[in-house]
Structures are given as C-alpha cells and as structure tokens.
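So the structure is just underneath, and the comments pick up after that.
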Amino acid sequence: KQEVTQIPAALSVPEGENLVLNCSFTDSAIYNLQWFRQDPGKGLTSLLLIQSSQREQTSGRLNASLDKSSGRSTLYIAASQPGDSATYLCAVIGNEKLTFGTGTRLTIIP
Amino acid sequence: GAVVSQHPSWVICKSGTSVKIECRSLDFQATTMFWYRQFPKQSLMLMATSNEGSKATYEQGVEKDKFLINHASLTLSTLTVTSAHPEDSSFYICSASRRQMMNQPQHFGDGTRLSIL
C-alpha cells in the first residue's frame with residue numbers, strides 16, 4: 001500500500017525567504033506526482049504535475065523535483081510572499097488512484 | 001483551463017436527511033471522477049472512483065449503501081449521503097481529469113462542507 005509523508009507538518013518563514021517542502025512515498029511504481037495548495041475551507045488548486053520520466057517542473061516561483069528511485073519529491077518556493085500561506089499537498093498517482101500526503105501547513109510572516 | 005464545479009458548497013441539515021452533492025466537469029468530458037473525504041486538519045482520503053455508465057468502485061471501509069454514487073453522463077457525477085448522521089460531517093471533494101489520469105493533472109472541485117446536526 002502506497003504511503004505518502006510530508007515533512008514538516010507545519011512551517012513558518014519570514015516573507016522573502018526561499019523554502020523547501022518535502023514529500024516522500026514508499027512505492028516508487030508511480031505514473032506521476034502532483035503538488036497542490038489548499039486554502040482553508042477550500043478545494044485544491046493544482047500547482048505542478050511531474051511525470052515519472054521527468055526530474056523537475058517549474059512554474060513561476062515554484063520548482064518541483066522528483067527522484068522516483070528514492071521515493072522523494074521537493075517543492076521549492078522562491079521569494080515567499082504572504083499569499084503563499086496555505087496547506088501544500090503532494091499526491092502520487094499509481095494504479096489509477098491518487099494517494100495524498102499528510103500536507104504541510106505553510107505560514108509566511110509579513 | 002479545465003474547471004470542475006461542485007455544488008452545494010455548504011450544507012447543514014438534520015440527522016437522518018439524505019444529501020446529494022453534484023460534481024460537474026464544465027469544459028471537458030470525464031469518464032472517471034473521484035470522490036474524497038477530508039476531516040479537519042487531515043489529508044484527503046479517497047472514498048470511491050466514479051465511472052461513467054457503470055458502478056462505482058469503493059475503497060475499503062466505505063459503505064456503498066451509505067454513499068451512493070451515480071455517474072450518468074460524461075460531465076456529471078453525484079454523491080448521495082443517505083440518512084446522514086453527525087459522524088458523516090466532513091468536507092467532501094470531487095476531482096476529474098480529461099483523459100487517463102496517469103498523464104493528466106487532476107482538477108478538483110471547491111468542495112462541499114457537510115454539517116449534520
């Protein structure tokens with residue numbers, strides 16, 4: 001059974017700093033990995049999708065990496081802003097299902 | 001881009017009421033939609049996979065008679081929580097993708113907050 005873990009569970013950083021969120025998964029037989037953000041009481045917004053054959057994807061200030069063999073992905077956020085405050089979830093896709101990580105609650109301090 | 005609409009966004013009702021939640025893909029056809037449940041400060045747990053024109057596939061521990069799923073068209077899936085009780089109070093979210101999910105991002109609805117009194 002696939003298990004996805006995100007560390008840390010919560011993170012607070014001053015505005016302007018760069019930061020890294022971590023995601024690890026136990027079964028490397030995945031098709032792709034997707035990062036989402038979730039604002040309180042809201043649904044999920046897709047940030048980046050990395051295919052299993054890719055090593056990274058970039059979108060604006062976000063960069064996601066994938067090391068399938070070691071079962072790890074990172075989400076790098078550059079020059080953080082208060083609007084980046086949210087819960088960030090990673091999800092791996094395998095066997096036609098998404099398995100979500102436990103999430104990292106990010107707070108950017110103005 | 002792809003948009004998934006979920007309705008209603010918030011429901012409060014008495015114990016014993018049945019509640020229907022709709023999930024629509026607005027600008028694409030979705031042969032498969034997924035239903036998730038999220039408790040406060042927890043991650044999303046897959047409840048069932050909704051397949052257009054066939055029966056839904058439920059995850060272990062999810063009561064199919066309690067959570068009725070209908071996927072009658074390529075743009076609409078519904079989740080009905082039958083005879084809801086306070087323990088069914090949760091945040092329910094649906095998702096869909098354009099084609100096979102292995103190569104396409106999942107798009108999520110805004111969720112439905114269900115509160116059973």
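Between the amide H of A:LEU47 and those of A:TRP35, A:PHE36, A:ARG37, distances stay under 5 Å, these residues lying 5 or more places away or on another chain, with hydrogens modeled in the peptide plane. The residue among A:THR102, A:SER65, A:LEU75 whose Cα reaches farthest toward the positive pole of the charge dipole of chain A, with charges on the beta-carbon of Lys, Arg, Asp and Glu, is A:THR102.
Taking θ as phi - 60° and the Karplus parameters 6.51, -1.76 and 1.60, the scalar couplings of segment A:24-29 work out to 10, 9, 8, 10, 7, 7 Hz in sequence order, x denoting glycine and proline. Amide H contacts of A:GLU3 (H built 1.01 Å from N, in plane; Pro and chain starts excluded): A:THR26, A:ASP27 sit under 5 Å, all sequence-distant by 5 or more or on other chains.
Using a cut-off of 15 Å between beta-carbons, work out the net charge of the residues near B:SER15 (Lys and Arg +1, Asp and Glu -1, B:SER15 not included).
Working: positive: B:LYS14, B:LYS66; negative: B:GLU87, B:ASP88.
Net charge in that neighbourhood comes out at 0.
Within the listed set B:ILE69, B:ILE12, B:ILE93, the residue fluctuating most in the Gaussian network model of chain B (springs between alpha-carbon atoms under 10 angstrom) is B:ILE12. Legend note: in chain B, cysteines whose Cβ sits 4.7 Å or more from every other cysteine Cβ are B:CYS13.
Taking the inverse of the mean reciprocal distance over all distinct Cα pairs, the Kirkwood hydrodynamic radius of chain A comes to 13.8 Å.
Can you give the average number of partner chain beta-carbon atoms within 10 Å of each beta-carbon in peptide A:99-108, as a whole number? Before the final figure, lay out the partial values.
Working: counts 4, 7, 2, 3, 5, 0, 1, 0, 0, 0.
For this peptide, the per-residue mean of nearby foreign Cβ atoms is 2.
Charges only on Cβ, +1 for Lys and Arg, -1 for Asp and Glu: so what's the dipole of segment A:6-102 about the Cα centre, in debye to the nearest 20? Display every interim value, and only then the final one.
Values: 7 positive and 8 negative charges, 33 e Å.
The dipole magnitude comes to about 160 debye.
Over chain B, all Cα pairs binned in 5 Å intervals from 0 give whole-percent P(r) values of 2, 13, 23, 26, 20, 10, 4, 1, 0, listed from short to long. Couplings 3J(HN,Hα) of segment A:65-82, computed from phi: 10, 9, 10, 5, 5, 9, x, 9, 9, 10, 10, 9, 10, 8, 6, 4, 10, x Hz, in residue order, whole Hz [Karplus 6.51 cos²θ - 1.76 cosθ + 1.60, θ = phi - 60°; x for Gly and Pro]. Output wanted: per-residue J couplings in Hz (rounded whole) for segment A:36-52, from phi through Karplus 6.51 cos²θ - 1.76 cosθ + 1.60, θ = phi - 60°, x for Gly and Pro. Residue by residue, segment A:36-52 yields 10, 10, 10, 8, x, x, 10, x, 9, 10, 6, 9, 8, 10, 10, 6, 4 Hz. Comparing B:GLU63, B:GLU52, B:GLU22 in a Gaussian network model of chain B, where Cα atoms under 10 Å apart are tied by springs, the biggest mean-square fluctuation is seen for B:GLU63. Maximal additional length on extending the A:SER53-A:ASN22 stretch stands at 9.2 nm, based on 0.36 nm per residue less the C-alpha distance.
Straight-line reach only, C-alpha to C-alpha below 29 angstrom: list the lysines that B:LYS41 could link to, leaving out same-chain residues fewer than 8 apart. Qualifying lysines at Cα under 29 Å: A:LYS1, A:LYS42, A:LYS68, A:LYS97, B:LYS14, B:LYS20, B:LYS64, B:LYS66. Put simply, the Cα atoms of segment A:48-106 extend 36, 21, 18 Å along their principal axes, the longest span coming first. Rounded to the nearest 0.05, the FRET efficiency derived from the C-beta distance between A:THR5 and B:SER73 at R0 = 45 Å is 0.75.
Work out the P(r) tail for the protein assembly as shown: percent of alpha carbon pairs separated by more than 25 Å, whole number.
Numbers: 10330 of 25651 pairs.
Counting pairs separated by more than 25 Å, the tail of P(r) holds 40 percent.
Only the coordinates and a few stated rules stand behind these numbers; no lab work does. The shown structure was predicted, so the numbers you read here are calculated from the model rather than taken from an experiment. Heads up, the Cβs are rebuilt from the backbone with ideal geometry, glycines too, and the neighbour counts pull from every protein chain shown.
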